[in-house]
Structures are given as structure tokens and as C-alpha cells.
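I have placed the structure first, in the form of C-alpha cells, so that the comments after it can refer back to it.
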Amino acid sequence: MIPDDLLNEYAVKFAEEIIRTKGVKYIAARKKKARGIMELITDKNFIGRYIMLTVARQQVLKKTYGNYPAPLLAIKAMLRGLSKPLDKGLEIEARLFGEAVATDEHKNLMHIFHLNERPKKQTGVDSRVDLEEPQNIGVIGAGVMGGAIVQLLAYKDYPVRMKDIAGPMVIKGLKHAESLFDGLVKQRRLTSLEKQRKMEKISGTLTYDGFQRTRLVIEAVAEKMSVKKQVLQEVEACMQENAVFASNTSALSISELQAVAKHPGRVCGMHFFNPVHKMPLVEVVRGTATGDKAVATIFDLSKKLNKTPIVVKDSPGFLVNRLLGVYINEACLIAQEGYDFQWIDLIVKKFGMPMGPFRLIDEVGIDIAEEVGLILGDAFQDRLKRSSLLADIRQANLLGKKGKKGFYLYRNNRQKAANPSILKLLPGTRQENDEQVIQRMMYLMVNEAARCLEEQIISTPQDVDTGMVFGAGFPPFRGGLCKWADDIGLKSIVHTLKNFKDLFGDRFLPVQYIINRKTFY
Ligand SMILES: NC(=O)c1ccc[n+]([C@@H]2O[C@H](COP(=O)([O-])OP(=O)(O)OC[C@H]3O[C@@H](n4cnc5c(N)ncnc54)[C@H](O)[C@@H]3O)[C@@H](O)[C@H]2O)c1
């Protein structure tokens, strides 16, 4: 990757950078630890090596359920090669590397790599747009999302002004941003001085003072259309000419919002995912009146924030929440048929999702999941069979992880046992037909993705896969939802959907888009 003549210079710079960010003591400690491990696994210590690598294998399997062959092959290479001379060891490694390269998982992960690279060459629009660097950015709303968005902007050195309606909220937002910076200091990715400098980029306010200088405002106030409309009108009165207004709404209509704007062309959606510092996806939402400049500005900013943007047409739930909505609804219906909800979570994890649907509902918040479910349910009521489960649970005042009680109980932010009151509500113990249970949830998402492509909510299957992998954690080793569906074969999926329609209802009716095609790609 680096020309020969420059290699030394780069290596020294690289080492200096590590010393600067991590500190000499940290490196010395790492070296000592690594030496200790090497002593245990090399030379004649066959038993030590065997135990060490067996434990490593168990840990990998616990994390990956065997879905990723490469780490297991790497362990195998160590186990077989470490007692042999270097050339023999390298030969073993090369052979096992060949095995890893030939796997489907490797091809799928390369596909994900290309999906991640794709936006780097894109602008989000077809026309040529001259962009202005936003320089000062305003954020309205200092809650969970506002605080995290402000931290991300300041981390990238944008001066940012954060407005809320009450002093304690502003302080809470600042504290939230500071705690995220503290995390980086703890990981030695920032020094305390750098953290302080970055925190100084953020100023809090209860008025629109300072918003006259901003070329971009990101709104993250409560999920209520009336509040968002009022905020848009207030800030438009003092925003700069040409400034862009981006809403972080999860499911409200951008087209409806921009109807009250003086300059609707400058209004669009910038949908971050929670937690902002971890989730790579941003949905850039184009309302009916949104202009190219607004879309290109948000697309460009997302890339500068190291996020992966996709452009989505305004529609209930946009792309990711719409697909997750049908998946979660189906999971609830299945549990209500007498299936054990913890078992459903387990088989979904084995499929490769980072967590099961019920654990995900707890993470998002039962109130929010129900709210999004209602928006989607109203929009697609002609074809969705709505589960009543979340409404029933909400009546019991359960909020999920943030309230320490949901489908599971939580202590110190960690999941503990299943919640006994949920077990009373969902006493089902069925643990059977795992393939069918997975297919019901996943094929519904495939069908919904096809519908989004048919309705041109997104333009390509690559966008679906980018959204689902980077926004919903769809297993990367499967290459994304559409790529996975192609590997199974759309014909077979359509056939199964038709069967499910007879067994479970009309929501499984396959859309014309997948009936007509052999593959998504
Ligand atoms: N929480 C999530 O998981 C998530 C994920 C993606 C998008 N979103 C969206 O982000 C937005 C904010 O969500 P949140 O979870 O941060 O909510 P939150 O309740 O944590 O914060 C909302 C903040 O907005 C403030 N606010 C209300 N009215 C205001 C006004 N008129 N002017 C200024 N501030 C005002 C409130 O005081 C509060 O501090 C919502 O539109 C939500 O749908 C949330």
C-alpha cells in the first residue's frame, strides 16, 4: 500500500501516532502481555498451547455461533504451525488462508466492504451541486440523540450550538456528549486536553442566538409533528440564506414537515441510528420538495462524520424501520402463537443478528417500538396483521432497557433473566420448526425490501443491503438481505411465501417485483 522508498518514513509516523494516542506505558504493557501469551503457546509447551487455543476456539464459537470460518482457521493455523519451523508454519497458514478465501462468507464480506466503499464515490444526487462547508452547525433538542449528534460533530471539529427548551435539558445534553468523549479518553483514543478542546466546540443555549451563523441545522426534538413544524418555522426565521434544515425523525413524514417551510427545498431528513457513535448508517431522506443541494449537503456531511449514507425517499419508516417493523411484528405474532420468546431470540442470534427481536425491542424502548409500529400499522393497514403484544405490554408500564424492565430484566445496563411478568403474558414453550420461524421473519423483510424497490423508496438492492447491515445489523457474513435472498434463490422464496400465505395469511403475498425477477442483483 505504500511505495518502497516511503515505507520507513510511514512506519515511523505510524509508530509515533500510536505512542501519541496510546502512550508508552500502554504499549509496554501490551508487549509484556503478548510475550506472556507467546511463551505459553510456542516452543515445547504443547499442553499450554493446546489449552490456550481450545479456549480461544470456544470463545470464538460463543461469539459467532460458527458463522465466521476465518477466525477458526486462524486458530487452526496456530495450533498446527507453531511447533513447526517457520517455512512449514507459513505453508500451513497459506493453505488454510486458501480455504478461507474460497468460502461464501469471504465473498459476502468482500461484498459488504464494497458496499461501505460505494458512498465514497457518490454524492447522493444525479446533478452537479456546488457544496458549501457548513462550518457552524446548529442542533435543536439535547436529548438522547441531540447530545450524541453534537458530540459526533464536535469530535470532527465542527463548532456546534445546541438548543433546547429547558436549562436542565441542555446540561443533560452536554453531560451526555462529555460522557461519550470520556469513553474515548478511557480507550486512549483522545487525550484529556483534546477532549477539553473538542468540548469547547459545543455551546448550549435556550434561544436561537448564534443560529444566524449556521448553514446547517439538525433537528432532534421530540417525535411529534406539531413540535417539529413549530421548531422549523422558528428557526427558519433566523437561519442563513441557503441554510439546510435536516430532521432526525424516525418515522414522521418529511414531505408533511416541509409543507410549512418558507423554503421547502432546503428541508430533508438525516436519520441517525441509536447509539449514534456506534451505528454507521445515516438515511438521507428526500421529501417531495427536497432539493438536490440539501440531499448532497447531508450526504457529504454524513461521509465526513465517517458514516455510511443512503438516500431514501420519504415514506413511513423510511427503509430500515419499515423492514424492521414487519420483522418485529411477525416475531410478536409468533410468540403469541405459543412459541418461547427467549428461544426465538436465540435462533435469530444463531442466524447471525446481533440480538433477537425481543431483545431489540427492549433496546429501542417498548414505547418507541410501539409508536413506530402504530405509524407503520396505519400506513400499511390493508396488508399488515398487527400484533397486539406491544400495546398489552405497554399497559403494564414496561419500557424496556431504559426502564430496567422489558422482555428481560436489566441491572447496570446488562441483560439478566427473562421478566417474570412477561413470562406470565407469554407462557408459550414451543421450540420447533426453527427454519420456518426464521423464514417467516426474514422472508417478510425480503418481500418488504422488494416492495421498497418497486415503489422506488430506494434505488438499488445495494442500498437495501447497506441499510440493513449498517443500520439493523443484518449478518455481514450473509452479504446483506438482498444478497442472501439471491443466494437462496428468489424462486424458492416466492414459493415459500405462497405457502406461508395459505398457512398464516395475506401478509405473505409475494410482491410482483420478486415474482418477475430471478435475482435482486
Ligand atoms: N432514541 C432513538 O433511538 C432514536 C433513533 C433515531 C431517531 N430518533 C429521533 O430523534 C428525535 C429525538 O429523539 P430522542 O430519543 O433524542 O428524544 P429525547 O426525548 O431524548 O429528546 C428530545 C429533546 O427535545 C427537546 N425538545 C422538545 N421540544 C423542543 C423544542 N420545541 N425546542 C427545542 N428542544 C425541544 C426535549 O426537551 C428533549 O431534550 C426524535 O425525532 C426521534 O424519533 C430517535
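The values are calculated or read from the model by the stated rules, or taken from the named source; none is laboratory data. On a predicted model such as this, the values are computed, not experimentally measured, just so you know. We place every Cβ from the backbone using ideal geometry, glycine too, and count neighbours over all the protein chains shown. These accessible areas exclude ligands, DNA and RNA; they are computed on the full protein's heavy atoms, side chains included. Shrake-Rupley method; radii C 1.70, N 1.55, O 1.52, S 1.80 Å.
Values as computed for the structure displayed
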| read-out | value |
| --- | --- |
| Members of the stretch 214-237 that are more than 7 Å from the ligand (Cβ to nearest atom), surrounded by fewer than 17 Cβ atoms within 10 Å (Cβ to Cβ) and within 27 Å of the chain's Cα centre (by Cα) | Lys224, Met225 |
| Which listed residue is open to solvent by less than 50 Å² (accessible area, probe 1.4 Å), out of contact with any Pro (no Cβ under 8 Å at 6 or more places or on another chain) and not polar (S, T, N, Q), from Asp487, Asp465 | Asp465 |
| Where a residue in the stretch 355-376 is more than 15 Å from Lys404 (Cβ to Cβ) and its partner, wherever it lies, is in a loop (DSSP other than H, G, I, E, B) and open to solvent by less than 50 Å² (accessible area, probe 1.4 Å), with Cβ under 6 Å and at least six apart | Phe358/Phe407; Val372/Ala251; Ile375/Ala251; Ile375/Pro316; Leu376/Pro316; Leu376/Gly317 |
| Selection from the stretch 159-181 of residues that are open to solvent by 20 Å² or more (accessible area, probe 1.4 Å) and in contact with a Lys or Arg (Cβ under 7 Å, 6 or more places away or on another chain) | Pro159 |
| Of residues in the stretch 334-366 being acidic (Asp, Glu) and within 15 Å of the ligand (Cβ to nearest atom), the one most open to solvent (accessible area, probe 1.4 Å) | Glu363 |
| Breaking point among (1) under 30 Å from Asp345 (Cα atoms); (2) more than 16 Å from the ligand (Cβ to nearest atom); (3) surrounded by 12 or more Cβ atoms within 10 Å (Cβ to Cβ), for Ala154 | (1) |
| Test: residue in the stretch 179-191 that is within 13 Å of Ala220 (Cβ to Cβ) and not in a loop (DSSP other than H, G, I, E, B) | no |
| Flag for Lys198 being outside any loop (DSSP other than H, G, I, E, B) and open to solvent by 50 Å² or more (accessible area, probe 1.4 Å) | no |
| Per-region count, the stretch 238-255, residues in contact (Cβ under 8 Å) with a residue 24 or more places away in the chain and either in a loop (DSSP other than H, G, I, E, B) or within 11 Å of the ligand (Cβ to nearest atom) (or both) | 12 |
| Condition met for Asn67 (touching a residue at least 40 places away in the same chain (Cβ under 8 Å) and surrounded by 15 or more Cβ atoms within 10 Å (Cβ to Cβ)) | yes |
| Any hit, the stretch 201-210, residues being closer than 25 Å to Ala259 by Cβ and either open to solvent by less than 70 Å² (accessible area, probe 1.4 Å) or of a type outside the set (D, E, K, R) (or both) | yes |
| Answer from Ala369, Ala331, Ala379 - the residue that is over 17 Å from Phe474 (Cβ atoms) and crowded, with 21+ Cβ neighbours inside 10 Å | Ala369 |
| Hey, Arg430 surrounded by fewer than 22 Cβ atoms within 10 Å (Cβ to Cβ) and closer than 18 Å to Arg507 by Cβ or not | no |
| Residue list for the stretch 262-281, filter: of a type in the set (A, V, I, L, M, F, W, C) and closer than 20 Å to Gly365 by Cα | Phe272, Phe273, Val276, Met279, Leu281 |
| Any hit, the stretch 175-192, residues being in contact (Cβ under 8 Å) with a residue 24 or more places away in the chain, of a type in the set (Gly, Ala, Ser), within 16 Å of the ligand (Cβ to nearest atom) and within 30 Å of Thr21 (Cα to Cα) | yes |
| Selection within the stretch 382-403 - more than 23 Å from Met445 (Cβ to Cβ) and surrounded by fewer than 17 Cβ atoms within 10 Å (Cβ to Cβ) | Asp392, Arg394, Gln395, Ala396, Asn397, Leu399, Gly403 |
| Residue within the stretch 119-140 that is away from the ligand (no atom under 16 Å from the Cβ), open to solvent by 60 Å² or more (accessible area, probe 1.4 Å), in a helix (DSSP H, G or I) and not hydrophobic (A, V, I, L, M, F, W, C) present | yes |
| Residues of the stretch 77-97 satisfying the condition of being charged (D, E, K, R), surrounded by fewer than 17 Cβ atoms within 10 Å (Cβ to Cβ) and within 38 Å of the chain's Cα centre (by Cα) | Arg80, Arg95 |
| Top-ranked residue in the stretch 4-53 [being among the acidic types (Asp, Glu) and open to solvent by less than 100 Å² (accessible area, probe 1.4 Å); ranked as nearest to the chain's Cα centre (by Cα)] | Glu17 |
| Spans of helices (runs of 4 or more DSSP H) in the stretch 405-521 with at least 3 residues farther than 28 Å from Phe273 by Cα | 420-425, 434-454, 490-504, 512-516 |
